[in-house]
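Reviewing the structure listed below.
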Amino acid sequence: MQIESKIISIINDKLKNPIYETLRLLNMKTILTKSNFSKKEGVAVHMVVLHFVYMLVMNKKISTFMDQSNDSFKKDVYYRLLANAHYNWRKLLSLSSLKILSLLHKVQDAKLVRVLILDDTVEDKVGKNIEGSCDNLWSNKAKRKIRGVNVVSLNYSDGYSNFMLDFAIAMNNYARVKIEEFTNIIDHRTNAHKRRLESLKGKSQIAIEMIKRAVASGIYADYLLVDSWYSKPVFIETMNELGLQVISRMVNNDRIWNFTGEKKTLDGIYNKFKKLKTIKMGQYGKKIKFEYFGVIVEHKKAGKLKIVFIKTKENLIPIVSTNLDLSDEEIIDIYKRRWDIEQGYKELREHFGFGKEENRIYEALIARITLSFFTYNVVSYINRISNEPKTIGGLFKDLECELHTLAIAMQAFLAILDEIAKIEEVVNRNEDFTAIIDLLRDVTGKLLGFRCES
C-alpha cells in the first residue's frame, strides 16, 4: 500500500484534478466517517461519493456514466448508497459546508456582509408514487399550484459565493404517498426515519430547527434574510433569542402584524408617517422607481423593529429589520441579497441535477438532493479560490472539459507504458514494471472514475 500511496500523491501533484484535490482538502473520508458512512467490505464509500460528484459535473445519469466508464462500479453499489437508511446525509452537508467556510475565511474580506438566506422552492414531480411529493403546492416559477416536492433550504452568501448549508422536504396534507406507506421499512432510530418525521412538522418549524442547527454548529452571519411567508412575530422572537438579526419583507396582514401604539396596522403606520417623514426616492434596475422612508415601531412579541416602507407605483412593500441602527438604504441593499439564493436555485437546476432527480424512494431523493448541494458547494469553492473567478456555468463547462482531458491524457500515458513494458531490456531490468503499470491503471480509475467518450 505504500507504493500506491506514493503514486496517488504523484498523480495528484501532476494532474491537479480540482475536484479530487478539493475533496482531499476537505478531508472527505473523515467527514463521511463522522456522518455514519461506513462499509465493512466492498467499494470504499468515499469513492462512490466521488463518482456521484463526477456524474453531476459531467451531467450524466448513473446508466450513462456506467456505459462510458471502464472503471465504474456495479449499478447496485450506487443505488445502495442512495437508499441506505443509516447514512446521515444532513451531517455530511453540514460538516463539509463548515470546512469550506473555514477555508473561505482565509480569503474573505473582513468588511464583507455575510448573510444566511432562508427560502423554499417547489420542484415539479409528475409521478404519482414519488415519496415526499405533494399536490396543491404553489409554484412561483409556474405561477400556479402543481404536484411536486417542497424543499426548504438555508443558504450562506458573502456577496461573492453561495453555499447550501441545509435543506428539508416539507409535506402538506396532500401527500401522494403517506409516510407510513413509504416503500422501505426502516428502524425508528435511523437518520432516515427522523427525516421522514421532520417532513410533517410544517415549514415554519422546519425552518426554525434548520437555523438553530446552523447557529449551534458555529456558522456566523451578520444577518438572516427571509421572505414574508416566514416573517411572523413568533419567528422573529425566536431569532432574537438566538442572537440573529433579521431583515425580511413583511406580509401586510392585520391578523399577523398588530403593533403597540396608536396605529396598530402596517397601513395605519404608513399613512400616519408618510405625512411626517421625509420621503426619499430610489430606483431598482432601469425601470422600477420607488419612494421610501423608515420608522421605528414596537411589537409585543417581536420587540422594537425598524420598518422601511417602499412605495412603488402599484405596491406598498414593508421591509423590517431587527437592527435599529441600520440606515434605510442599508436595509434595502442588504435585503436585495436575498436574490442570491434564487440565483443558487437556478444554477443548481441548470448544472447540478436539482429538480431532475428520478428517484421514487424518499431516502434516495434526500441523498440525491444532498449530493447536488454538496457538488454545488465544491464547485463554488473551486471558483472562489481560482485566480480568475467565472460564472458557475462557465466554470462547470471548464471542469467537465478538464476531467475529460485528464482521462484522455492518462489513457494515452498508460498505453505508452504498456508498449514500453513489452521491450525486453526493460522487462529484464525491472520485473515489477508491469505490476506498477497495473497499479497506475487502478489508481487512475479510482481518481478519475471514468473514461472519456470516444
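Values quoted throughout were computed directly from the atomic coordinates according to the rules given, and no laboratory measurement underlies them. None of these values were measured; they are calculated from a predicted model. All Cβ positions, even for glycine, are placed from backbone atoms using ideal geometry, and neighbour counts span all protein chains on display.
Compute the separation of the alpha-carbon centres of segment 23-92 and segment 159-220 and state it in Å as a whole number.
Cα centroid to Cα centroid, the span is 22 Å.
Quick check: net charge around M281, other residues with Cβ under 12 Å of its Cβ, Lys/Arg +1 and Asp/Glu -1?
Spelling it out: positives minus negatives among the neighbours equals 0.
I'd like the Kirkwood hydrodynamic radius of segment 89-385, using the inverse of the mean 1/r over distinct C-alpha pairs, in Å.
For segment 89-385, the Kirkwood estimate is 20.5 Å.
Provide the percentage of antiparallel DSSP beta bridges, counting only those with both residues in segment 89-385; round to the nearest 5.
90
Per residue Cα convex hull volume for segment 213-334, in cubic angstrom?
Given the Cα convex hull of segment 213-334, per-residue volume reads 113 Å³.
Structure shown: which of K34/K75; K201/K300; K99/K286; K275/K306; K34/K301 lie over 28 Å apart, alpha-carbon to alpha-carbon?
K99/K286; K34/K301, as the Cα separations exceed 28 Å there.
With a ≥ b ≥ c taken as the square roots of the eigenvalues of the C-alpha gyration tensor of segment 158-266, please select rounded if a/c is under 1.5 and otherwise prolate if a/b is larger than b/c or oblate if it is not?
It is oblate, given that a/c is not under 1.5 and a/b is not larger than b/c.
Hey, got a sec? Which GluC sites (Glu not before Pro) in segment 233-270 land in a DSSP loop and have at most 10 other Cβ atoms within 10 Å?
E262
Ranked from highest to lowest mean number of other Cβ atoms within 10 Å per residue, what is the order of the peptides 246-254, 92-100?
The peptides rank, most packed first, as 92-100, 246-254.
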